[in-house]
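Structure first, then comments.
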Amino acid sequence: MHTVVRSATKELIIGHDQPFCIIGERINPTGRKKFQEELRAGDLSSVARDVEDQIAGGAMMLDVNMGAPFVDEPDMLAKAIKLVQGMTDMPICIDSSVVEALEAGLAAYDGKALVNSITAEDDRMAAILPLVKKYGAAVIALPNDHDEIPDDPHKRLELVGKIVEVATKEYGIAMEDLVIDPLAMPIGADHTLVWKTLETIRLVRDTYGLNMTLGASNVSFGMPDRHTINSVFTPMAMTVGLTSAIMDSRTESIVRSVKAGDLMMGNDEWGGNWIAAHRARQAAAES
């Protein structure tokens, strides 16, 4: 199953038989005090720097989030999307918990976006899925509801089934435009949580064949040497069905592990991407 997103001029295909999709996470003010202050002043200069850095690191799509205290998020998200599209033809993942901001971002976007995100909560689906349909977007869906973030992978699978039922039958959204976030939880909180995420990925792949994404760095939250943990987890998740991740593409060790995973899984024909990346690093070191 292929999920297709696009900018005005460039198409990106996410699928189990495609190279792993790296979604650059950096254009987000969460935890970045200076960036938040700039946004309150209407300054988008950090966005421009982040675009350049994420692309240089290997991002294939850019997640754009403008959620910060005392910021007019709908206005700022629309402006940021226009800025990003003026700098690159890379597709965008429009990221907000505010429905009005999502609509402003979708209205400003030229192409088919990925929306981040809905849950299995009835009110959340009712608020966002009509926008997804209206603008012809794809959407990330998380299998949690009003009651809980389920611990049991089979419960998460049930909620995926609910999302699929509602999105496809009530709103006419194509199955391939649903991208599931299987809920990556921090291993520091409970050593079984990562296994449960991996099992959820496997169940979703085997049951529905859907594409999946997640916040790759969530698994290492609170632990030392996070880059090593993330570099091990992401290829493990790829082997059971993960097809994309929202991650900081500036972290070379994680990007390399993903590219090696593509090679090992047969999604890098004749190792072309791996060899090209190696030669690019050699050239940069010699310059």
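The values are calculated or read from the model by the stated rules, or taken from the named source; none is laboratory data. Computed from a predicted model, the values in this text were never measured in an experiment. Cβ coordinates were reconstructed from backbone atoms using ideal geometry, including for glycine residues, and neighbour counts include every protein chain displayed.
The table that follows gives values for the structure above.
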read-out: One residue from Asn273, Asn218 being closer than 13 Å to Ala184 by Cα and part of a helix (DSSP H, G or I); value: Asn218
read-out: Tally of residues being among the small types (Gly, Ala, Ser) and either at pLDDT below 95 or touching a helix residue (DSSP H, G or I) at 6+ places or on another chain (Cβ under 7 Å) (or both) across segment 9-40; value: 2
read-out: Number of positions in segment 1-54 that are assigned to a loop (DSSP other than H, G, I, E, B) and either crowded, with 16+ Cβ neighbours inside 10 Å or touching a His at 6+ places or on another chain (Cβ under 8 Å) (or both); value: 10
read-out: Among residues of segment 55-89, those that are buried (at least 19 other Cβ atoms within 10 Å of the Cβ), free of Cβ contacts under 8 Å to residues at least 60 places away in the same chain and of a type in the set (Gly, Ala, Ser), counted; value: 3
read-out: Residue pairs meeting the criteria (Cβ under 8 Å; at least 6 apart or on separate chains; first farther than 14 Å from Ala56 by Cα, in segment 271-287; second assigned to a helix (DSSP H, G or I)); value: Gly271/Leu263; Asn273/Lys259; Asn273/Asp262; Asn273/Leu263; Trp274/Lys259; Trp274/Ala260; Trp274/Asp262; Trp274/Leu263
read-out: Selection count where residues are at pLDDT 95 or above and surrounded by fewer than 15 Cβ atoms within 10 Å (Cβ to Cβ), scope segment 172-194; value: 3
read-out: Ile140 being closer than 16 Å to Asp95 by Cβ, part of a strand (DSSP E or B) and at pLDDT 95 or above; value: yes
read-out: Counted residues, segment 70-98 - those being in contact with a helix residue (DSSP H, G or I) (Cβ under 7 Å, 6 or more places away or on another chain) and not in a helix (DSSP H, G or I); value: 8
read-out: Lys162 vs. criteria more than 19 Å from Gly105 (Cβ to Cβ), surrounded by 15 or more Cβ atoms within 10 Å (Cβ to Cβ) and out of contact with any Asp or Glu (no Cβ under 7 Å at 6 or more places or on another chain); value: yes
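Per-residue answers, yes or no, for (1) surrounded by 13 or more Cβ atoms within 10 Å (Cβ to Cβ); (2) in contact with a helix residue (DSSP H, G or I) (Cβ under 7 Å, 6 or more places away or on another chain); (3) of a type in the set (Asp, Glu):
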position	(1), (2), (3)
Thr213	yes, no, no
Phe221	yes, no, no
Arg256	yes, no, no
Met265	yes, yes, no
Glu269	no, no, yes
